[in-house]
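The values are calculated or read from the model by the stated rules, or taken from the named source; none is laboratory data. Bear in mind that the values here come from a model prediction, so they are computed numbers and not experimental data. All Cβ positions, glycine included, derive from the backbone under ideal geometry; neighbour counts span all protein chains shown.
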Amino acid sequence: MIVEDYKQIFEEATARIADLASGDGNLPIPHISGWTMSDAVIHAGLVFSFVTKSVKQGSPIADGGVARWANDQSNHPQTSQLSDWFRAAAQEMAEVVWEHEPRDEVWTSSRKWPKLSGNMNPAMKFGPQASSTSKPCFGCAA
C-alpha cells in the first residue's frame, strides 16, 4: 500500500466517524459493552491527540501510555460538539504524521513505531462505525 492509499483510507474513515459523531451520541456500540457512540468517538479522538503530541515532541507525552493519559478527564474534550472536536483531532494528527517519510520511525504511545506499519487505530474500524445501521463498519467484510 502506498502513502496516498493510507491517506485516503484515513480521510474516509475519519470523515465517516465525524459524520456519525454529529448524530445520536447515545447509540450503543454493540460489541463494546456499556460504550456509546460518544464514548467511542472520544476514545478515538484522545488516541489521535496523544499520538499527535507524542510525535511532535519525539517521545511519549506521559508515563503509562495512552490509556492512563486518555482516562484523565482533564484531557477529554470540553465541548458537546464531538464531530467538530474529532475532525480537528484527526486533521492535526494527519498533518503531523504525514510530515514524515513512510520509513521514518516516530513515537506514538510508549515506543517507536514505523509510521506506516498498518498501525491504524482499530477503534476507527470497530468502534463508532459499528453502531451505524446503514454500513456496519468502514472496510469490514459484508
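Just to be sure I understand, how many residues within the range 1-29 are assigned to a loop (DSSP other than H, G, I, E, B), at pLDDT below 90 and not β-branched (Val, Ile, Thr)? Spell out the reasoning first.
Start the filter on the range 1-29 by keeping residues that are assigned to a loop (DSSP other than H, G, I, E, B), which leaves 1-2, 22-27, 29.
Within this subset, residues satisfying the condition of being at pLDDT below 90 are 1-2.
Okay, now just the ones that are also not β-branched (Val, Ile, Thr), so 1.
Total satisfying the criteria: 1.
Looking only at the range 17-55, how many residues end up being more than 12 Å from the chain's Cα centre (by Cα) and over 16 Å from Ser80 (Cα atoms)?
Counting residues in the range 17-55 that are more than 12 Å from the chain's Cα centre (by Cα) and over 16 Å from Ser80 (Cα atoms) gives 11.
Give Ala40, Ala18, Ala70, Ala44 a once-over and let me know the one that is touching a Lys or Arg at 6+ places or on another chain (Cβ under 6 Å) and more than 21 Å from His100 (Cα to Cα).
Values: Ala40 fails: touching a Lys or Arg at 6+ places or on another chain (Cβ under 6 Å); Ala70 fails: touching a Lys or Arg at 6+ places or on another chain (Cβ under 6 Å); Ala44 fails: touching a Lys or Arg at 6+ places or on another chain (Cβ under 6 Å).
Being touching a Lys or Arg at 6+ places or on another chain (Cβ under 6 Å) and more than 21 Å from His100 (Cα to Cα) holds for just one of Ala40, Ala18, Ala70, Ala44, which is Ala18.
Given the criteria over 17 Å from Glu95 (Cβ atoms) and in a helix (DSSP H, G or I), does Ile42 qualify? Even if it seems obvious, please write down each step before you answer.
Numbers: over 17 Å from Glu95 (Cβ atoms): yes; in a helix (DSSP H, G or I): yes.
Taking the combined requirement at face value, the residue satisfies it.
If you go through the range 107-125 one residue at a time, do you hit one that is touching a Ser or Thr at 6+ places or on another chain (Cβ under 8 Å) and either exposed (fewer than 15 other Cβ atoms within 10 Å of the Cβ) or at pLDDT below 50 (or both)?
Within the range 107-125, one or more residues are touching a Ser or Thr at 6+ places or on another chain (Cβ under 8 Å) and either exposed (fewer than 15 other Cβ atoms within 10 Å of the Cβ) or at pLDDT below 50 (or both).
Scan the range 68-93 and report the pairs whose first residue is under 14 Å from Ile17 (Cβ atoms) and at pLDDT 90 or above and whose second residue is of a type in the set (Ser, Thr, Tyr) and not in a helix (DSSP H, G or I), with Cβ atoms within less than 7 Å and a gap of 6+ or a chain change.
Pairs that qualify, where the first residue is under 14 Å from Ile17 (Cβ atoms) and at pLDDT 90 or above and the partner is of a type in the set (Ser, Thr, Tyr) and not in a helix (DSSP H, G or I), are Ser83/Ser22; Trp85/Thr79.
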